[in-house]
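First up is the structure itself, then whatever we jot down about it.
Rule-based calculations on the coordinates, nothing more; no lab input. Note that the coordinates shown come from a computational prediction; the quantities given were computed from them, not determined experimentally. Cβ sites come from the backbone with ideal geometry, for glycine too, and all protein chains shown count toward neighbours.
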Amino acid sequence: MKALQQNAYGPPSEVVALVDLPEPEAGPGQVVVEVEAAPMHLADLKFITGEPGFRWFTFPRICGHEGIGRVVRSGPDAATLAPGARVFLPIGSGTFRQRMAVDAAACIPAPEGDAQQLALTAINGMTAVILLEDFAGTVPPGGWIVQNGANSSCGRYVIALAKERGVKTCNIVRRESLAAELTALGADAVVVDAGEPDATAALVTAATGRAEIAVGFDCVAATGTETIARCLAQGGTVVNYGFMTGKNCEMAFRDLFLRRIKLVGMNLTHNRTPEQVKAVYAKLSGMIASGAMHAKIAAAYPLARAQEAFAHQARTGEERQGKIIILPND
Amino acid sequence: MLVLRQIGHGDPTTALLLADEPEPAPGPGEVVVAMEIAPLHGSELMNLRDPTRVPPTALPRIPGTEGVGRIVAKAADVTGFEIGQRVFPPKYSGLLRERVAVKAEQCYAAPGDCPAENLAIVYTMGLTAWLLLEDYAKLPAGSWIVHDAANSSIGRIIIALARGRGLRTVNVVRRPGLDTALKALGGDAVVVDPGNADDLARAVAAATNGAEICVGLDMIGGPLAGRIARCLAPGGTLVLYGGTGGAAAEIDFMDLHRRDLTVTGMGLSRAFNRRSAGEKAAIMAELGRLAARGVIATPIAAVYGLRDYRSAFAHLAREHAGKILIAFDRTRDAP
């Protein structure tokens, strides 16, 4: 049974190896799941290189944070998940491997449909739901939100989920060429980052017809955070959920004090009970399976080509063009 | 009577002009306050140097953010204030003048039986510290808070007020040697900022036996704001109140993400003005009492007469330990 094993922090080519491990056994309450598709995220690379804030592990560890698969064996007391059942694997369970034993209770049922698309439910999909439900829940239909990194998987989900609720999105991107694509997804306005918070905020003001925007989502950090803050009305909230720049979030004093803008963080459960998480997955995966939410996939790689996948993941924008997926049994 | 005016931008010797002018008379609803003492804040220097803070169209203006004085005249329709009574005149009303006519309803009663110096910074720094703790740190007795610039005037008042509220403070400072002084004020732990977030969080955890710290107060901004954030427990709030460093607050994504932090700013005017007139008067009365008793106090670097304003502003521009005050009692003036 093949797996991508990390043995230290460092460049992927030096610290991640394709290894052969014994076939997993299903213990009491466990099932063995054959992994169909597992997305690679920016964070997966940071966990490998061991950037500050990303040194959580003891080694060896198996890479991969999320994925979808099928039960192939059920252990004692795990009869609720019969072989053939499709499940979402628990977050952080090391999904870049062919088969894995997991607690049946930690798996969430998954629908049939495109495995590569569905594999993005737990992290990017859930993030978009939390952003909209927990932080923009009071934005009325017809109201606006603003986000940067709008062409990311999560950004695209935000567009689709906001549209479903009748909330308008103003989407900040780095490339003009994305405007048509995002508009087709349901974006109400697309603004190309002007490279400077005041200038970008002026474009957002114009694009939204001077709408009062109470909430903005930031996955860029550095002056990306400041830009979103500058776009908001007095007393607004910036929700940060990523840091593509690899830098700290910057909040200027004029926004914090004169305009009373708040900066908050979010995480992947955000006080939901396991039952509530299950319900969100069911709704999300339904939308993904039906195509109402659709991620752009850049490429899918088998385990044997993982180093190519890491190199591809390290590129951005036009050089990457979407999500990288690992297909452990391809 | 003497009035100090900002007439331009640049060096205090050319940007400021001291003039002798007619005495003010109280208009309807007004009292005339004879100033006793007024602090010079660092912002006064920035106002002289930076035309984006004070545009040329705002000139001439009279500097002086806050202070304390006694009522020497009042309009017939003013009630609730008596001649001779000490008051805090309204902030930013141009207080570097010997006598000023102000709306009585914007004045707060001040204790009359203590040195005026005790009351000099009640209305900005005392009030800022009080509102920070009241609005953001209403925590069970024994809870810890962490704050930086702990040896600044506001920092020291935060220590004393927090102690009075049963809170424990971790006091982050830039240099060693302040342990005894800040503990004497009521501080519980003093930590020298090691300059990086993980080391600061470790030092704070060691000083508090790993206590959960839900509230952090930051006066400086920049990377230091992010270092204070690293010390906070999940769900914690970082409140910025000064921005003295001038740089944007830098907060690490992982701190926001893994610990659900909130970063917010408290502006003094808004925090105070959203309260009722009665609440405001009660807060100022309590702060006045605390200042009169010396519970909240600030070290004083020097006291200058208004005629000696050039020396006072020159001192303000130098490194100084404590506040620089202007006293309006002419017996202080050099002959």
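Note down the magnitude of the dipole of chain A about its Cα centre, charges +1 on Lys and Arg C-beta and -1 on Asp and Glu C-beta and zero elsewhere, to the nearest 20 debye.
Details: 30 positive and 32 negative charges, 80 e Å.
Using Cβ point charges on Lys, Arg, Asp and Glu, chain A gives about 380 debye.
Among all the lysines, which ones have a C-alpha under 23 Å from residue B:74's C-alpha, if same-chain residues fewer than 8 places away are not counted?
Residue B:74 reaches B:91, B:103, B:280.
Please arrange A:47, A:57, A:217 by counting, for each residue, the other beta carbons lying within 10 Å of its beta carbon, fewest first. Mind dumping the intermediate values first?
On the way: A:47 21, A:57 14, A:217 30.
So the residues, fewest neighbours to most, are A:57, A:47, A:217.
Only helical DSSP H runs with n ≥ 4 go in: add -39500 (n - 2.57) per run for chain A, normalise by residue count and round the 222 nm mean residue ellipticity to 500 deg cm²/dmol.
Details: 10 runs with 87 residues, N = 330.
When only DSSP H runs of four or more count, the value is -7500 deg cm²/dmol.
Quick check: Cα centre of segment A:234-310 to Cα centre of segment B:274-301, how many Å?
So the two Cα centres are separated by 45 Å.
Treat the count of other C-beta atoms within 10 Å as a stand-in for reagent exposure and order B:264, A:121, A:183, B:14 from fewest to most.
On the way: B:264 19, A:121 28, A:183 14, B:14 11.
Ascending Cβ contact count within 10 Å gives the list B:14, A:183, B:264, A:121.
Most mobile of A:212, A:318, A:250 per a Gaussian network model of chain A (Cα springs, under 10 Å)?
Greatest mean-square fluctuation among the candidates belongs to A:318.
If you place +1 on the Cβ of every Lys and Arg, -1 on the Cβ of every Asp and Glu, and leave all else neutral, what size is the dipole of segment A:124-265 about its Cα centre, to the nearest 20 Debye? Provide the component values of the computation, followed by the final result.
Values: 13 positive and 14 negative charges, 28 e Å.
That gives segment A:124-265 a dipole magnitude of about 140 debye.
If you take the beta carbon distance between residue B:19 and residue B:196 as r and set R0 to 56 Å, what does 1/(1 + (r/R0)^6) give as a FRET efficiency, to the nearest 0.05?
Details: r = 51 Å, r/R0 = 0.92.
According to the calculation, E is roughly 0.65.
Enter the angle in degrees (range 0 to 90, nearest 10) between the Cα long axis of helix A:153-165 and the first principal axis of the Cα atoms of chain A, meaning the one along which they spread out most.
70
Multiply the residue separation of residue B:205 and residue B:307 by 0.36 nm, subtract the distance between their alpha-carbon atoms, and state the gained length in nm to one decimal.
On the way: separation 102, 0.36 × 102 = 36.72 nm, distance 5.02 nm.
Result: 31.7 nm gained on full extension.
Specify the angular offset, from 0 to 90 degrees and rounded to the nearest 10, of the alpha carbon long axis of helix A:197-207 from the longest principal axis of the alpha carbons in chain A.
Relative to chain A, helix A:197-207 is tipped by roughly 80 degrees.
About its Cα centre, how strong a charge dipole does segment B:187-277 have in debye, to the nearest 20, once Lys and Arg get +1 and Asp and Glu get -1 at the Cβ?
Details: 8 positive and 10 negative charges, 84 e Å.
About 400 debye.
Over the protein assembly as shown, what is the percentage of antiparallel beta bridges among all DSSP beta bridges, to the nearest 5? Can you show the working numbers first?
Working: 58 of 108 bridges.
Approximately 55 percent, going by the DSSP bridge assignments.
Report the label-to-label distance for residue A:49 and residue A:269 in nanometres (one decimal), using points 7 Å from each Cα along the Cα→Cβ vector.
Spacing of the two 7 Å Cα→Cβ label points: 3.0 nm.
Which of the pairs B:183/B:323; A:46/A:296; A:262/B:138; A:262/A:296; A:46/A:278 have their Cα atoms more than 24 Å apart in this structure?
On the way: B:183/B:323 20 Å; A:46/A:296 22 Å; A:262/B:138 19 Å; A:262/A:296 32 Å; A:46/A:278 28 Å.
Over 24 Å apart, Cα to Cα: A:262/A:296; A:46/A:278.
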